[in-house]
Amino acid sequence: MITIAALKNLLDNLEEGVVFVDSQRRVVEINAAAGRLLGRDGDHLLGTACPTLFAGTRCARECLSGGRCSLVPGGADARKVQDISLRRPDGSEIALRMWAMLLPANDAGLHCSIVLRDRSREVALEAEVRERWRLGALVGRAPAMQALYAQLLRAAVSDASVLVTGESGVGKELVARALHDNSPRAHGPFVPLDCGALPENLLESELFGHAKGAFSGAAAARVGRFEAANGGTLLLDEIGEISPAMQTKLLRVLQEREVVRLGENHPRKVDVRVVAATHRDLDAMVRTGQFREDLYYRLRVLPLHVPPLRERASDIALLAARMLGELAERYRRAPLRVSPEALTALEAYRWPGNVRQLFNALEFAMVQADGPVILPHHLLPEILAPGARGDERAPAVPGAARASAAEPRGSYYRRAMRADDERAMIRGALEEAGGNRAEAARRLGMSRTTLWKKLKDGRPG
């Protein structure tokens, strides 16, 4: 049975604002966080009609016009997220994310819960990303990325070939796309091709096209990527993977600016800007005879190097905010935020797979998270493992002997704990929280479900 007294103890220890309303949309209970977010004295709001809390917002207008909570379209488990900008009584404005859920039948008269989260920092971060730290789909405020932006914009106005280098997963295709979008060729097509994904016989056809009957299976003529990119930009990704024979054919096309389809003998003029990209050391490949020197310098008129993620850890917060927004749309759920402890772990990790790996890691964490916040224990184990920071002399996970008042309790999950250590940690958190399990879980940095399971198993003793 739900009681107001039990709820009050729980609610006032939550970071999010929570408002409970009855079937008439009157406020039955409100926690301290909601009062702060709304800029009002929560105790004076009891009995107030819910729409008056959000006066002037789309949420209130839809609620009043529809005669029911606009956040809950129907169904016991229905949930609809809405972002609003609320003007508070003191004249200040605050960006809020809110969602509501219908509650099961209870004796306390609680019909619906409305959860509020402060989005002010997120809004400011999003604006910062849009206005200052973003170039196309690229995101970065680190000095290395700002230097890349400057070089990219200078290269964009030219029509010379560009060679984009960088480790796998750093976003070389995004750099090529930004080059195209900021160039005089932006109105033309942008055509990417992964040269490393095709065998040589198919690669030649993809690049230059073929005539009908040029080879077995060529039932119709086909335009190659060079012709498809006419008037625009052609990205030759993983250029370091092509064979010496293909290097020779590509060099001829770049020199003559014309292609000959397989099965034909007459050239076709093409007007294409070529951007090549690779994670390999082409300079070393030239020295060993694996890559043609003349082709190398033909492609490398304007070099651009994309820094690895480990060299721009300050960008991880920006990248995570953008990626979690994309993932929220994909999974049709409210965007998550990363806890400070989890962000510290992400920033300390070496990211051998760079930005692509970060996206995959955040997708994993989103699936694991059972609330609106990604905590360290939601991250992949390798991110928290000793040595993950790239400094083998100083493990990323503090040992049990270093657990002290200086180490936040929320970092307990970052190290392998003995059962006795874990019991002591949980017992101490419960004592400090006055027996409030929700607050203890928050201090420990674990979900309430995880804490409940540990208590049920008797592990904390």
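The values are calculated or read from the model by the stated rules, or taken from the named source; none is laboratory data. This structure is a prediction, so every number in the text was calculated from the model and none was measured. Because the Cβ atoms are built from the backbone with ideal geometry, glycine has one as well, and the counts that use them run over all protein chains shown.
Within segment 238-264, the set of residues being part of a loop (DSSP other than H, G, I, E, B) and either of a type in the set (Gly, Ala, Ser) or not assigned by TED's automatic domain parsing to the domain that holds residue 152 (or both) comprises 243, 263.
Taking the condition under 16 Å from residue 234 (Cα atoms), among the small types (Gly, Ala, Ser), assigned to a loop (DSSP other than H, G, I, E, B) and under 27 Å from the mean Cα position of the chain (by Cα), does residue 186 pass?
Working: under 16 Å from residue 234 (Cα atoms): yes; among the small types (Gly, Ala, Ser): yes; assigned to a loop (DSSP other than H, G, I, E, B): yes; under 27 Å from the mean Cα position of the chain (by Cα): yes.
Considered against the rule, which asks whether it is under 16 Å from residue 234 (Cα atoms), among the small types (Gly, Ala, Ser), assigned to a loop (DSSP other than H, G, I, E, B) and under 27 Å from the mean Cα position of the chain (by Cα), residue 186 comes out as yes.
Each residue in segment 276-300 was checked for being of a type in the set (A, V, I, L, M), out of contact with any Lys or Arg (no Cβ under 9 Å at 6 or more places or on another chain) and in contact (Cβ under 8 Å) with a residue 24 or more places away in the chain, and 3 of them qualify.
Condition check ((1) in contact (Cβ under 8 Å) with a residue 12 or more places away in the chain; (2) in a loop (DSSP other than H, G, I, E, B); (3) closer than 20 Å to residue 251 by Cα) across all residues:
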{"residue": "150", "(1), (2), (3)": "no, no, no"}
{"residue": "164", "(1), (2), (3)": "yes, no, yes"}
{"residue": "220", "(1), (2), (3)": "no, yes, no"}
{"residue": "227", "(1), (2), (3)": "yes, no, yes"}
{"residue": "230", "(1), (2), (3)": "yes, yes, yes"}
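Picking from residues in segment 115-148 that are part of a strand (DSSP E or B) and modelled with pLDDT of 80 or more, the one that is farthest from residue 32 (Cα to Cα) is 138. For residue 336, the criteria (1) modelled with pLDDT of 90 or more; (2) within 24 Å of residue 381 (Cβ to Cβ); (3) touching a strand residue (DSSP E or B) at 6+ places or on another chain (Cβ under 8 Å) hold in every case but one, which is (1). If you go through segment 361-385 and pick out every residue that is more than 18 Å from residue 333 (Cβ to Cβ) and either among the hydrophobic types (A, V, I, L, M, F, W, C) or touching a Gly at 6+ places or on another chain (Cβ under 9 Å) (or both), you end up with 7. Only one entry in 229, 197, 219 is under 21 Å from residue 270 (Cβ atoms) and among the small types (Gly, Ala, Ser), namely 229. Checked against the criterion of being surrounded by 14 or more Cβ atoms within 10 Å (Cβ to Cβ) and at pLDDT below 70, the candidates 112, 69, 63 yield just one match: 69.
In segment 171-180, is there at least one residue being at pLDDT 90 or above, in a helix (DSSP H, G or I) and small (Gly, Ala, Ser)? Show your work before the answer.
At the first step, the residues of segment 171-180 found to be at pLDDT 90 or above are 171-180.
Filter once more, keeping what is in a helix (DSSP H, G or I): 172-180.
Okay, now just the ones that are also small (Gly, Ala, Ser), so 176, 178.
There is at least one residue in segment 171-180 that is at pLDDT 90 or above, in a helix (DSSP H, G or I) and small (Gly, Ala, Ser).
Evaluating residue 215 against the criteria (1) part of a loop (DSSP other than H, G, I, E, B); (2) closer than 25 Å to residue 286 by Cα leaves one unmet condition, (2). Residues that are in a loop (DSSP other than H, G, I, E, B), within 22 Å of residue 211 (Cα to Cα) and under 37 Å from the mean Cα position of the chain (by Cα) occur at least once in segment 265-272. Scanning segment 309-365 for residues that are part of a helix (DSSP H, G or I) and touching a Phe, Trp or Tyr at 6+ places or on another chain (Cβ under 7 Å), which turns out nearest to residue 135 (Cα to Cα)? Filtering first and then ranking leaves 318.
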